[in-house]
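Working notes, beginning with the structure itself.
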Amino acid sequence: MQGKPVKFLYLSEPEMIEAGVLDMKQCVQVVDEVFHLLGKGDYLMGGPRENEHGLMIWFPEEKRFPNMPVEGPDRRFMAMIAYLGGRFNVCGEKWYGSNIVNPKRGLPRSILTVMLNDADTSEPLAIMSGNLISAMRTGAVPGVAAKYLARPGAESCGCVGAGVINRACLMAIKEGVPTLKRATIYDLDMEKAAAYAKEMSALLGIDVVPVGTLKETIVDADVISVATAGASKALIPEEWLKEGSLLTLTGTAELTDETYLNNTVIADNWKMHQAWLTEGEEHPKGVESILSWAPSAPIIKLILDGKMVHDDIRSLGDIASGTVKGRCCDNERIVFVTGGMPVEDVGWGYQVYQNALKKGIGQELKLWDEPHWF
Ligand SMILES: NC(=O)c1ccc[n+]([C@@H]2O[C@H](COP(=O)([O-])OP(=O)(O)OC[C@H]3O[C@@H](n4cnc5c(N)ncnc54)[C@H](O)[C@@H]3O)[C@@H](O)[C@H]2O)c1
């Protein structure tokens with residue numbers, strides 16, 4: 001029998017941009033579709049629980065070999081794998097490494113690639129630069145959350161952290177909440193806040209104003225987007241949260257236990273956070289190993305202390321697909337926590353790959369004309 005040639009598309013970052021990776025309107029639509037599929041169960045992520053965020057290389061605390069990296073803040077390699085059903089019907093992986101000193105070397109902190117494969121034959125379909133897929137899909141998640149969970153007629157957004165991710169978050173929240181009229185931005189670095197405000201006002205056509213205190217950005221906000229990085233977490237007292245507000249946590253903030261206990265808590269996909277807990281329980285250092293970085297760590301602690309149960313937390317996919325109720329009334333306050341999932345990378349990556357095929361963008365590469373052995 002004649003062997004089959006296998007070719008795939010390579011898409012560099014400029015080609016990804018040409019193919020529309022920065023189109024937030026389309027990204028929010030696709031990530032919304034992804035959450036519908038999650039709610040129906042038409043997806044698989046890695047591991048026996050089918051809900052693993054990813055498989056991480058844990059570097060050791062002490063040097064074992066001259067070249068082996070050691071543990072450090074934001075120092076990791078991660079393989080994030082998924083099958084996504086529906087019209088996507090594709091398998092894929094986001095593979096990345098992160099090193100906090102990279103920006104001093106002229107590199108982003110994390111460097112990401114996304115690979116897509118035919119779900120039946122496993123042939124590679126595409127290898128793509130993944131940094132913008134990841135930033136855009138991360139922003140799209142609070143946008144989809146705001147679509148389903150913001151109070152009707154929400155007008156104001158408070159942003160905490162003026163980095164790349166919160167740019168994407170505000171773009172997406174504007175898509176998810178068409179009534180949005182204004183936003184404020186608070187960052188420890190006032191210059192970054194000012195630059196963010198200028199850029200986002202021009203991009204979105206709404207007033208984005210830098211403010212000098214965290215409180216100012218929280219108290220008036222119908223939707224709050226926290227996307228800070230680093231050790232200094234924003235401390236948000238419960239009484240600052242307006243009635244009916246939606247607090248989205250893409251980066252972690254410091255909230256009181258009561259904030260979680262007194263208000264509605266919704267996750268992107270609680271099964272994934274449960275898988276993190278199990279991973280922690282299996283780690284040689286125990287659950288402590290995940291509590292320093294897992295975005296849901298404060299909720300997991302409340303569960304371990306017997307103050308909450310897993311069923312207290314709803315998942316966005318169930319709300320998007322209509323199997324579980326979202327907001328119950330206009331004055332309900334909701335805390336939304338997201339950890340990021342490979343299904344989002346595969347969904348948005350697949351869409352941009354389809355766009356590239358239609359527009360003839362990218363470089364076709366060959367795996368083989370005929371497999372050497374089969
Ligand atoms: N959930 C996901 O899928 C996902 C994916 C990617 C990144 N993230 C998270 O998003 C966050 C933001 O990432 P980024 O790449 O935009 O980071 P970044 O470093 O570009 O920006 C973070 C900003 O937060 C500011 N900041 C730090 N602490 C603050 C505080 N206490 N109050 C106000 N501002 C503060 C910094 O000055 C900085 O401007 C990170 O925590 C990252 O882990 C989440």
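Bear in mind that the values in this text are calculations on the coordinates, not laboratory data. Computed from a predicted model, the values in this text were never measured in an experiment. Here Cβ is always computed from backbone atoms with ideal geometry, including for glycine, and neighbour counts include all displayed protein chains.
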Open item on the list: Charges on Cβ only, +1 for Lys and Arg, -1 for Asp and Glu, centred on the Cα centroid of the range 151-340; of G205, I300, A267, which one is farthest towards the dipole's positive end?
Closed with: G205
Task: Gap separating the Cα centres of the range 230-246 and the range 313-368, nearest whole Å - done: 26 Å
- [ ] State the extension gain, in nm to one decimal, for the chain segment bounded by E239 and D330, taking 0.36 nm per residue of separation less the distance between their alpha-carbons.
- [x] 31.0 nm
Task: Percent RCO, i.e. relative contact order, over the range 151-340, from Cα pairs under 8 Å lying at least 6 residues apart - done: 23 percent
Open item on the list: Could you work out how much longer the chain between E50 and K192 gets when fully extended? Use 0.36 nm per residue separation minus the Cα distance between them, nm to one decimal.
Closed with: 47.2 nm
Task: Sum of side-chain charges, T278 neighbourhood, beta-carbon under 10 Å (Lys, Arg +1; Asp, Glu -1) - done: -3
Open item on the list: Restricting to DSSP H runs of at least four residues, report the calculated mean residue ellipticity at 222 nm for the chain, -39500 (n - 2.57) per run over all residues, nearest 500 deg cm²/dmol.
Closed with: -10500 deg cm²/dmol
TODO: Hydropathy first: keep DSSP H helices in the chain averaging at least -0.5 on Kyte-Doolittle, then drop any whose Cα extent along the axis falls short of 20 Å, and list what survives.
DONE: 24-40, 131-149, 190-204
- [ ] Please report the relative contact order for the range 159-223, taking Cα pairs under 8 Å with a sequence separation of at least 6, and give it as a percent rounded to a whole number.
- [x] 36 percent
- [ ] Mind jotting down a quarter of the surface of the convex hull over the alpha carbons of the range 11-131, in square nanometres, one decimal?
- [x] 9.9 nm²
Open item on the list: How charged is the neighbourhood of P60? Take every other residue with its Cβ under 13 Å from the Cβ of P60, and add Lys/Arg as +1 and Asp/Glu as -1.
Closed with: +2
- [ ] Can you pull the one-decimal nm distance between simple spin-label points at S289 and W373, each 7 Å off the Cα toward Cβ?
- [x] 3.4 nm
Open item on the list: Pairs of alpha-carbon atoms within less than 8 angstrom and 6+ residues apart define the contacts here; what relative contact order does the chain have, in percent?
Closed with: 25 percent
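Cβ under 15 Å from E123's Cβ, E123 left aside: what net charge do those residues give with Lys, Arg +1 and Asp, Glu -1?
Spelling it out: positives minus negatives among the neighbours equals -3.
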- [ ] Set the Förster radius R0 to 25 Å, insert the Cβ-Cβ distance between Q2 and A119 as r into 1/(1 + (r/R0)^6), and round the FRET efficiency to 0.05.
- [x] 0.55
Open item on the list: When a/c reaches 1.5 or more, the comparison of a/b and b/c decides; with that in mind, is the range 10-49 rounded, prolate or oblate per its Cα gyration tensor?
Closed with: oblate
- [ ] Please work out the Cα convex hull volume for the chain and give it in Å³ per residue.
- [x] 160 Å³
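On alpha carbon coordinates alone, what is the Rg over Rh value for the range 151-340, Rh being the Kirkwood radius? Mind dumping the intermediate values first?
Numbers: Rg = 16.6 Å, Rh = 17.1 Å.
Computed over Cα atoms, the ratio is 0.97.
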Task: Nearby lysines by direct alpha-carbon distance to K94 (threshold 17 angstrom, same-chain neighbours under 8 apart not counted) - done: none
Task: Interchain or long-range residues, amide H under 5 Å from N117's placed H - done: C91, G92, L125
